[in-house]
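Colleague: Following this message is one structure expressed as structure tokens.
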């Protein structure tokens with residue numbers, strides 16, 4: 001049976017996710033404070049937890065966030081974690097022209113490379129692609145994408161050298177814990193509920209020899225109760241002899257050479 005892989009990935013959005021969705025939110029500090037928590041409080045705690053557990057993770061960072069919080073990105077790199085592109089302004093490529101999308105991609109990659117990191121991966125804001133995205137990733141030297149939901153194993157996009165590391169909402173913390181004050185209809189899940197969901201999905205992926213790409217956000221996973229949950233979940237993964245914890249680059253490199 002093929003060894004299954006697990007990647008702990010974090011979308012370090014800070015305030016950019018709210019501004020990307022609606023530029024008017026830039027003038028709403030209380031709204032943005034949800035993202036500020038991710039940079040101000042959650043990031044140091046997450047890096048401390050990952051160091052304690054000996055886990056190397058992949059951080060997808062918008063360019064504007066890296067510029068606003070360079071000390072946090074420096075800490076990510078200093079701890080040996082992988083940096084990858086998450087857009088420049090956290091704007092969906094589907095909302096951009098080809099030239100605008102390329103400008104965002106190139107600018108974001110350049111910002112992150114300025115921290116001395118090799119940038120190989122791309123995760124789109126909102127996991128959304130335009131008709132030009134794969135072509136642009138290929139043209140600008142990216143090795144992998146982590147955006148599609150059509151498999152549980154890595155694969156190479158036809159006609160490119162881009163490896164896809166499939167994701168899924170079931171393995172995204174925001175799907176379980178993001179609260180919408182607009183309608184107040186969505187329940188906030190308990191950590192025990194998410195633990196059961198993630199463990200069951202992980203064990204299924206392990207049986208099939210796939211890759212489990214966990215997508216987390218510092219402002220979401222970085223609450224005190226959820227940090228304790230993440231600590232326990234990492235421990236559960238580390239106890240599974242059939243699972244390999246790796247960065248997205250490491251998983252993609254193995255898939256590309258398969």
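The values are calculated or read from the model by the stated rules, or taken from the named source; none is laboratory data. Only a predicted model underlies this, so the values are computations on that prediction, with no experimental measurement involved. Cβ placement follows ideal geometry from the backbone for every residue including glycine, while neighbour counts extend to all protein chains displayed.
Colleague: Where residues in segment 220-254 are touching a strand residue (DSSP E or B) at 6+ places or on another chain (Cβ under 8 Å) and assigned to a loop (DSSP other than H, G, I, E, B), which of them is surrounded by the most Cβ atoms within 10 Å (Cβ to Cβ)?
Modeller: Ranking the candidates gives 247 first.
Colleague: Within segment 162-185, track down each residue that is at pLDDT below 95 and loosely packed, with under 14 Cβ neighbours inside 10 Å.
Modeller: Matches in segment 162-185: 179, 180, 181, 182, 183, 184, 185.
Colleague: Can you pull out every residue in segment 114-134 that is in contact with a strand residue (DSSP E or B) (Cβ under 9 Å, 6 or more places away or on another chain), free of Cβ contacts under 8 Å to residues at least 60 places away in the same chain and in a helix (DSSP H, G or I)?
Modeller: Correct list: 127, 133, 134.
Colleague: Can you tell me which residue within segment 135-149, out of those that are part of a loop (DSSP other than H, G, I, E, B) and touching a strand residue (DSSP E or B) at 6+ places or on another chain (Cβ under 8 Å), is surrounded by the most Cβ atoms within 10 Å (Cβ to Cβ)?
Modeller: Narrowing segment 135-149 to residues part of a loop (DSSP other than H, G, I, E, B): 140-143, 146-149.
Subset that is touching a strand residue (DSSP E or B) at 6+ places or on another chain (Cβ under 8 Å): 142-143, 146-148.
Numbers: 142: 23, 143: 21, 146: 27, 147: 20, 148: 15.
By that ranking, first place goes to 146.
Colleague: Return yes or no: is residue 159 farther than 18 Å from residue 123 by Cα and either buried (at least 19 other Cβ atoms within 10 Å of the Cβ) or free of Cβ contacts under 8 Å to residues at least 60 places away in the same chain (or both)?
Modeller: Numbers: farther than 18 Å from residue 123 by Cα: yes; either buried (at least 19 other Cβ atoms within 10 Å of the Cβ) or free of Cβ contacts under 8 Å to residues at least 60 places away in the same chain (or both): yes.
So residue 159 fits the description; yes.
Colleague: Is there a residue being within 15 Å of residue 125 (Cα to Cα), free of Cβ contacts under 8 Å to residues at least 40 places away in the same chain and under 16 Å from the mean Cα position of the chain (by Cα) anywhere in segment 84-101?
Modeller: yes
Colleague: May I ask you to verify whether residue 17 is closer than 23 Å to residue 146 by Cα, in contact with a helix residue (DSSP H, G or I) (Cβ under 9 Å, 6 or more places away or on another chain), without any contact (Cβ under 8 Å) to a residue 60 or more places away in the chain and surrounded by 21 or more Cβ atoms within 10 Å (Cβ to Cβ)? Steps first, please.
Modeller: Numbers: closer than 23 Å to residue 146 by Cα: yes; in contact with a helix residue (DSSP H, G or I) (Cβ under 9 Å, 6 or more places away or on another chain): yes; without any contact (Cβ under 8 Å) to a residue 60 or more places away in the chain: no; surrounded by 21 or more Cβ atoms within 10 Å (Cβ to Cβ): yes.
So residue 17 fails the test.
Colleague: Say we look at segment 187-219 and pick out the residues that are assigned to a helix (DSSP H, G or I), in contact (Cβ under 8 Å) with a residue 40 or more places away in the chain and crowded, with 16+ Cβ neighbours inside 10 Å; which of these is farthest from the chain's Cα centre (by Cα)?
Modeller: Only one residue fits best here, namely 206.
Colleague: Quick one: would you say residue 71 is modelled with pLDDT of 95 or more, more than 23 Å from residue 18 (Cα to Cα) and out of contact with any strand residue (DSSP E or B) (no Cβ under 8 Å at 6 or more places or on another chain)? Walk me through how you get there before you give the answer.
Modeller: On the way: modelled with pLDDT of 95 or more: yes; more than 23 Å from residue 18 (Cα to Cα): no; out of contact with any strand residue (DSSP E or B) (no Cβ under 8 Å at 6 or more places or on another chain): yes.
So residue 71 does not fit the description; no.
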